[in-house]
Amino acid sequence: MVVTYRSLRKNIFIVPGSPITLITKFDDCNWMIDPGMGGDRVNSLSNVLDRVNIRDYNILVSHTHYDHVETLTYFSGREIYVNEFEYSQLINPTVREQATYGFNPLPRLLGLQQRLIPSYNVKTFSLANAGSLSSLKLLDLSGHSPGLTGVILDDVVFVGDALFGDVLLKRVGIPYHSDVFKSLRVLDDTLRVLSDKGFEAVLSHGPVIKNQKFGELIEFNIRRIKQVIELLTNELDVGGTIEELTIKVLKSLGAEISASSVYLGSVTTSSIVSKLFQDGRLDHAVCDVGVKWKLRRY
């Protein structure tokens, strides 16, 4: 087996994949961030750990979506750390499914496994009380998920799914964010500052980027979210159910239309509709095809 990994700094390594896995070596503690998913992932990561001479390590889960934690049960890290807001999602696959996808058949369509993560060595942390774990400086990047956590290592920032690559965004059309407006603040306030300081960014589903490209990708993500909000608001002038609205936005963006893209895009759509309704801008009505949402006429 060919072992593929990349050294970003002397003791910072990334293992390619979607998502990538970040591995660090420190005097006080070694870390693996997001072991990921896939049949070959376990062997690949085990071989990389051997190559960089790591036997003892902790695991940090940036957030609990399936693609980031599916292989977690195969690794014997000392302790597993997760944001307190996502603890129940990590140890309970039913909660994980509901929180990520809602009660719909998408997990079955994707063939996801309901893997139970033993809780005996799972530790939680609160970003409100502690900004670091050992040598890891933690960042609150919540928005994509309730407890998405980033990591700063020297001049490298692991941004997880707070920032998506342009190729992925062009394909999926609607980026997945459980709280769209929190994600916008993270992009505008947190990641833009790091970009201006010259940080190199590691994306879970995208390239490793730095300097001007980091800033350009932040702007691209912001524009795409605002474009989705604008397209959705335009469609709400006529109205529709969450799924109808999602499909119309996906078509406007020229994105692929599939059960997966509709269900995942509907999470983002629901977040926007919820905020517009909270702001008093929407009316709703129950009909034969579901709950229809429409801009309020004044």
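The values are calculated or read from the model by the stated rules, or taken from the named source; none is laboratory data. Only a predicted model underlies this, so the values are computations on that prediction, with no experimental measurement involved. As a convention, Cβ positions derive from the backbone with ideal geometry for all residues, glycine included, and neighbour counts pool all protein chains shown.
A few notes on this one:
- Candidate set from the stretch 110-128 (those that are under 16 Å from HIS65 (Cβ atoms) and aliphatic (A, V, I, L, M)); member that is farthest from the chain's Cα centre (by Cα): ILE117
- Those residues of the stretch 139-155 which are modelled with pLDDT of 95 or more and surrounded by 20 or more Cβ atoms within 10 Å (Cβ to Cβ), in sequence order: LEU139, LEU141, SER142, GLY143, HIS144, SER145, GLY147, LEU148, THR149, GLY150, VAL151
Listed here are the residues, each with its yes/no results for (1) assigned to a helix (DSSP H, G or I); (2) in contact with an Asp or Glu (Cβ under 9 Å, 6 or more places away or on another chain); (3) within 25 Å of LYS25 (Cα to Cα); (4) not assigned by TED's automatic domain parsing to the domain that holds GLY254.
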| site | (1), (2), (3), (4) |
| --- | --- |
| THR124 | no, yes, yes, yes |
| ALA128 | no, yes, no, yes |
| ILE152 | no, no, yes, yes |
| PHE158 | no, yes, yes, yes |
| ARG192 | yes, yes, no, yes |
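- Selection from the stretch 51-95 of residues that are touching an Asp or Glu at 6+ places or on another chain (Cβ under 8 Å) and not hydrophobic (A, V, I, L, M, F, W, C): ASN58, SER62, HIS63, THR64, HIS65, HIS68, ARG78
- Residues of the stretch 29-53 satisfying the condition of being more than 13 Å from ILE14 (Cβ to Cβ) and in contact (Cβ under 8 Å) with a residue 60 or more places away in the chain: CYS29
- Cβ-Cβ distances below 7 Å connect the following pairs, each with a first residue in the stretch 204-216 that is closer than 12 Å to SER18 by Cβ, a second residue that is crowded, with 18+ Cβ neighbours inside 10 Å and acidic (Asp, Glu), and a separation of six or more residues or different chains: SER204/ASP34; SER204/ASP161; HIS205/ASP161.
- Taking the listed residues LEU232, LEU282, LEU203, LEU264, the one that is over 24 Å from the mean Cα position of the chain (by Cα), surrounded by 14 or more Cβ atoms within 10 Å (Cβ to Cβ) and either closer than 18 Å to HIS144 by Cα or not charged (D, E, K, R) (or both) is LEU282, with no other qualifying.
- Scope the stretch 87-107; condition more than 19 Å from the chain's Cα centre (by Cα) and at pLDDT below 85; matching residues: PHE103, ASN104
- Filter pass, GLY102 being more than 11 Å from HIS65 (Cα to Cα) and without any contact (Cβ under 8 Å) to a residue 12 or more places away in the chain: no
- The single condition among (1) surrounded by 21 or more Cβ atoms within 10 Å (Cβ to Cβ); (2) among the hydroxyl-bearing types (Ser, Thr, Tyr); (3) farther than 22 Å from ILE23 by Cα that THR94 does not satisfy is (1).
- Answer residue from the stretch 31-44, given it is out of contact with any helix residue (DSSP H, G or I) (no Cβ under 9 Å at 6 or more places or on another chain) and not in a strand (DSSP E or B) and is nearest to TYR66 (Cα to Cα) among those: GLY39
- Filter result for VAL82 (part of a helix (DSSP H, G or I) and in the same structural domain as GLY36 (by TED's automatic domain parsing)): no
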